[in-house]
Amino acid sequence: MKFSRGIAHPLGPSVVHRASQLPLLDVNFAVFARVPTLTLLLFPPLTSSCPVRDPYASVPFKNRTGDVWHVLVHDLNPDVTYALTTPGAANRILSDPYARWLESPGCEKWMTVEGENFKGEGGCQESAQNAMAFLKSFPRLNGLQIKYPFTLCRFTAPENSRRFDWGNDSAPSIGYENLIIYEAHVRALSHDGTFASAKTAIPYLKWLGITALQLMPVFEFNEVEMGAMNSDYKLISDQEVSRKAPVERPGNWWGYNPMSWFSPMNRYASRAGGGAAELKELVQALHENGIECFLDVVYNHSANASCSLHFLNVQQFYYIGKSKNDSFQHSNISGCGNTLSPNSPMMLQLVLDSLRWFVTEYRIDGFRIDAAGVLCRDPSGAPITGPEVIDHICSDPVLKNVKLIVEGWDAGDQIGSGNMLLGSKTGFPRGDRFCEWNVEWRDAVRRFFRGDKGSSKPFCKALRGSPSLFKVPNQVSKPRPLGAHHGVNFVACHDGFSMADVVSYRKRKNTDGYAEVSFNCGAEGETPDPQIRAKRAQQLRNFVFALAVSRGVPMITQGDEFGFSKQGISNSWNNPQLFAATLPDSPQQCDSFESLILFTREMLKLRSSRDVLTRSDFFSHLLWLDESGRPRSSRKHSSSSANVGYIAFSVTGTEEEPELFFAFNNGKHGISASLPYSTNSNIRWRKLFDTGSPAALVSESAPRPAGMRDIIVSRQTCVLYEGSTPDK
């Protein structure tokens, strides 16, 4: 084995030049590590006959520039894989945090999961048997043919990714006014659960009216991780001790515990080593159909600290926490433990490099940043108003045209250190660049349709796109050029009740998670009662109606458009049946909520076809109306004594666009009302939508005669009328 000094930049592996004996390569390895010694382990290429391997060479890092160890290794096979080891990691084999590609299956020496050591004493064969015995306690994962969930690092892309041809691919560059986001999980977009088969969902997404697919985490993660901080882990461990045998484990299905910030998930590939190429194929196919691709990214925490693979876990400076008695206590500001410190120099650099990598290598159009409140904390964990990592993201030229969405809070409130930035006096930093998940919209809409006292005024603000949150500049006096589009509106997301469960359960069945604004329409959980089921179906139509007509960017979570239920579980990260909804083979299969899927499609079609509904101006031309159809002040909506609320308004578009009239009744009884009063005696009104009807589209066959303005707005109903004159 020939090796020489190498260089300290760039971090990770990089092919310096081709060796004299093609196809062998000279590869530079550079690793930032504050350790006394560091060793590079090289493994032979993966073959079906030898899925569990020992390293064939050990190369010590002898040169260090600052805190960066580096070595240049000569004449390497392109398919050789590598790992790292250091005495401070108890002889565990570690992944390189800057490895761009990982490979499955892995090595038996990594079979240390959550402190349970499955490394046998009888050599490779016994080690593999012990590992497989452990994996068999995850039958759902085993059914997906996941045999070795752990991975080695690659210094070159798999061949199918190296040879990938983007052809004439170009980003759709969809404007925020036309953005309709669909949050989904790769495993549930198709029966196969792979990047490749996810392409089969594209016709459905287009049919529904989606313009951006937002994928839940696709970074490499450990599916057999239980989560030592989760109560389920202790329960299973206690059961195994009492039974003296393995107990079925659900595994990690969501993927919010990254082991890599560069490599796509290997088990989302339909073929060995195909993750990188298949993700590119999916993005390319989405672009060809005018759909952008967003990734849900996790920079607030890493895979659990006892995971034997993660190099960062032996480097405390990547994390927020405290050193105590020669040990490091990880902070739980993230809510999942192992809270990273994105404003520490090296973690900041990793965040930027990761985002750039997925934009340049995979042509990703946008990112949703999970628990972004952590990105607004200093290395000690204290909240800060001018985080460096945010400034760097906003000023990076590679990320200039990328859409950025944040979950503007973290879980610090659970440990007495809250950092809810949405709606705070300062707001999320650099509000000129980031869109934010609008949970105030979510809760206001839920409370209004639940019939809460005093819910009318917050609901009116929600319909306008939450101007109190996004209309004024934030603390650094940056304008908000996107206006109402800074808010991403949603009734439900992956985290919490599904939309159907919001109207079916008052209390969650799981002990973790948080209390939600929800109601059950008369019975808790599933019920055969046709009246209760009809009420729930109507409330779901109300939610979709409000989402489609509100200012802001709408987001739908996979399954909500056809009434998917998590059966009262609000935190289904480890539930193999309920982690996400599987798409139907056809819309006709979704009849559980009386054509909700068709109603959703028609409402989104209406939104996309009316410019007046997609502007960023917080409904500047909106006119609030009373029951007689005459103007009234929005202050009258603020009464806290009434248990019912009638809200109506009209909006006018351009001269070519007809006037629209919206009415909402969250009460228990119908209301006699009038369509807008107009000095134009020729205006004629036609009903387009009525959530009191299960039909997807209830357009009246002909406009009402001029002057016929009296209508009934039924209980807990939303209606939409279109007004036009004969010459329009």
What do you reckon, is Gly465 crowded, with 16+ Cβ neighbours inside 10 Å, assigned to a loop (DSSP other than H, G, I, E, B) and touching a Lys or Arg at 6+ places or on another chain (Cβ under 6 Å)? yes
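How many residues does the range 664-688 hold that are in contact (Cβ under 8 Å) with a residue 60 or more places away in the chain and among the polar types (S, T, N, Q)? It would help to see each step written out before you state the result.
Going residue by residue through the range 664-688, those that are in contact (Cβ under 8 Å) with a residue 60 or more places away in the chain are 664, 666-668, 688.
Right, trim to among the polar types (S, T, N, Q) and you get 666.
Summing the residues that are in contact (Cβ under 8 Å) with a residue 60 or more places away in the chain and among the polar types (S, T, N, Q) in the range 664-688 gives 1.
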| task | Report yes if some residue within the range 375-382 is modelled with pLDDT of 95 or more and under 29 Å from Gly275 (Cα atoms); otherwise report no. | result | yes
Result of the Cβ filter at 7 Å on the range 699-728, keeping first residues that are of a type in the set (Lys, Arg) and part of a loop (DSSP other than H, G, I, E, B) and partners that are modelled with pLDDT of 85 or more and loosely packed, with under 12 Cβ neighbours inside 10 Å, at least 6 apart or interchain, is Arg715/Lys668; Arg715/His669
A careful count of residues in the range 558-569 that are on the phi < 0 side of the Ramachandran plot, touching a residue at least 60 places away in the same chain (Cβ under 8 Å) and in contact with a helix residue (DSSP H, G or I) (Cβ under 7 Å, 6 or more places away or on another chain) gives 6
Given the conditions (1) of a type in the set (Val, Ile, Thr); (2) buried (at least 20 other Cβ atoms within 10 Å of the Cβ); (3) over 18 Å from Phe618 (Cβ atoms), every one holds for Val445 apart from (3)
The residue that is modelled with the lowest pLDDT, considering only those in the range 299-311 that are crowded, with 24+ Cβ neighbours inside 10 Å and under 24 Å from the mean Cα position of the chain (by Cα), is Cys307
How many residues of the range 276-292 are within 15 Å of Trp357 (Cα to Cα) and more than 17 Å from the chain's Cα centre (by Cα)? The answer is 3
Only unsatisfied item for Arg64, checking (1) over 22 Å from Phe262 (Cα atoms); (2) modelled with pLDDT under 95; (3) surrounded by 12 or more Cβ atoms within 10 Å (Cβ to Cβ), is (2)
For Leu404, the lone unmet condition from (1) part of a loop (DSSP other than H, G, I, E, B); (2) surrounded by 16 or more Cβ atoms within 10 Å (Cβ to Cβ) is (1)
Considering residues that are farther than 19 Å from Phe649 by Cα and either under 25 Å from the mean Cα position of the chain (by Cα) or not in a loop (DSSP other than H, G, I, E, B) (or both), the number found within the range 592-629 is 11
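Where residues in the range 30-45 are closer than 25 Å to Ala272 by Cα and out of contact with any Leu (no Cβ under 6 Å at 6 or more places or on another chain), which of them is modelled with the highest pLDDT? Step through it out loud before you land on a result.
Restricting attention to the range 30-45, the residues satisfying the condition of being closer than 25 Å to Ala272 by Cα are 40-45.
Restricting the remaining residues to those that are out of contact with any Leu (no Cβ under 6 Å at 6 or more places or on another chain) gives 40-42, 44-45.
Details: Leu40: 95, Leu41: 90, Leu42: 92, Pro44: 84, Pro45: 80.
Only one residue tops the list, namely Leu40.
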Inspect all residues belonging to the range 315-322 and state whether any of them is more than 30 Å from Ser161 (Cα to Cα), of a type in the set (A, V, I, L, M, F, W, C), modelled with pLDDT of 90 or more and assigned to a helix (DSSP H, G or I).
-> no
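The values are calculated or read from the model by the stated rules, or taken from the named source; none is laboratory data. Note that the coordinates shown come from a computational prediction; the quantities given were computed from them, not determined experimentally. Backbone-built Cβ (ideal geometry, glycine too); neighbour counts: all protein chains shown.
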